[in-house]
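First, the structure itself, so that you have it in front of you.
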Amino acid sequence: MESEAGTNRTAVAEFILLGLVQTEEMQSVVFVLLLFAYLVTTGGNLSILAAVLVEPKLHTPMYFFLGNLSVLDVGCITVTVPAMLGHLLSHKCTISYDACLSQLFFFHLLAGMDCFLLTAMAYDRFLAICRPLTYSTHMSQTVQRMLVAASWACAFTNALTHTIALTTLNFCGPSVINHFYCDLPQLFQLSCSGTQLNELLLFVAAAFMAVVPLVLISVSYAHVVAAVLQIRSAEGRKKAFSTCGSHLTVVGIFYGTGVFSYMRLGSVESSDKDKGVGVFMTVINPMLNPLIYSLRNTDVQGALCQLLVGKRSLT
């Protein structure tokens, strides 16, 4: 039985990713758009990261977490888009079993880290606005590093658990994935063995990795809103809300697309909506984040301008 199970698992040595479009004309358009999105995303996020590292004014906990978020955004789009660009160039739509598992692991690692990092950023805003007198103590550099390290540890454990659990499934064929990257819902549909335990594991992990952080974020901002409304100065209220508005926008987009992506788990049919949500999660979200934070934050705008001026002066 063990050899038979092993044969079943290796019966599918590679998967076929259908991608976003099938016609050659549209593939050329998609290639250009994805390449543009990748360059904008990596350039925008790395610029914010450079500004946070170089500008002393941004050496605060909020921007420390923002710099980490920029790294995550670059990683998130790098997990999926370069491989898809390669498929479009070579017209080869296959991905090996091992490469598929690796892509799934890193996708869930970065997505899980995103959940915890957004929670840490909400906690930072809660302390800054509701507990200003003890802010420097409760959000010291040691605490910041511990929060990031714990987030990486939890996200790594979650991603590794899903990946190992997936290796217990048998894939006997078909091997066609109606998507442009490997993810759990699509792979569950291709398995010729029972996926009930895997789906239960995903449900439990989602409760810990997504629901709990979302509850903590909601509680933090409920306290923030209550504290801001008590500020008598209209200018003070506006400034306090502006520092939180960017983060809330990112949280809304991230969780909105994530919930829609996984709430259809167990559905036999795959639709173009899944691909659209996938594009939003892996391409548009990482591209929007630096725009959201730079457009709504004068400190980041100033740091980026100084960074560009500094580079020009060197030339």
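The values are calculated or read from the model by the stated rules, or taken from the named source; none is laboratory data. These figures come from a predicted structure and were not determined experimentally. Cβ atoms come from the backbone with ideal geometry, glycine included; neighbour counts cover every protein chain shown. With ligands, DNA and RNA removed, areas are computed over all heavy atoms of the protein, side chains included. Shrake-Rupley method; radii C 1.70, N 1.55, O 1.52, S 1.80 Å.
Roughly to the nearest percent, how much of the accessible area of the chain is carbon and sulfur, given a 1.4 Å probe? Mind dumping the intermediate values first?
Working: 10860 of 15970 Å².
It is 68 percent, rounded to a whole number.
Relative contact order of the chain, please, whole-number percent, based on alpha carbon pairs below 8 angstrom and at least 6 residues apart.
29
Given the DSSP H assignment, sum -39500 (n - 2.57) over each helix run of at least 4 residues in the chain and divide by its residue total; what's the result at 222 nm in deg cm²/dmol, nearest 500?
-25500 deg cm²/dmol
In what sequence, largest accessible area first, do Lys57, Lys275 appear using a 1.4 Å probe?
The ordering from most to least exposed comes out as Lys57, Lys275.
Let me ask another. Multiplying the sequence separation of Gln141 and Ala99 by 0.36 nm and subtracting their Cα-Cα distance, what value in nm do you get?
Stretched out fully, the Gln141 to Ala99 stretch lengthens by 11.4 nm.
Could you list which residues have their amide H under 5 Å from that of Gly19, counting only those 5 or more apart in sequence or on another chain, with H placed in the peptide plane?
Correct list: His179, Phe180.
Also, I was wondering about something else. Count charges around Tyr135 for me, please; just the other residues with Cβ under 13 Å from its Cβ, Lys/Arg as +1, Asp/Glu as -1.
Overall, the nearby charge balance is +1.
I would also like to ask the following. By the gyration tensor of its Cα atoms, with a ≥ b ≥ c the square roots of the eigenvalues, what is the shape of segment 115-217: rounded for a/c under 1.5, prolate for a/b over b/c, or oblate?
Prolate.
Could you run the Karplus curve 6.51 cos²θ - 1.76 cosθ + 1.60 with θ = phi - 60° over segment 116-130 and give me ³J(HN,Hα) per residue in whole Hz, x for Gly and Pro?
After applying 6.51 cos²θ - 1.76 cosθ + 1.60, I find 6, 5, 5, 5, 4, 5, 5, 4, 4, 5, 4, 5, 5, 9, 9 Hz.
Which residue, Val224, Val204, Val81, has the most motion in a Gaussian network model of the chain that connects Cα atoms within less than 10 Å?
Val204
In Å², what does the accessible area per residue of segment 101-203 work out to with a 1.4 Å probe? Numbers along the way, then the final one.
Working: 4390 Å² over 103 residues.
Heavy-atom accessible area per residue stands at 43 Å².
Give the accessible area for Arg237 in Å² (nearest 10); use a 1.4 Å probe, count only protein heavy atoms, and leave out ligands, DNA and RNA.
Estimated to the nearest 10 Å², Arg237 gives 70 Å².
Please list the non-local residues whose amide H lies under 5 Å from the amide H of Val176, H modeled 1.01 Å from N, same-chain partners needing a gap of 5 or more.
Ile16
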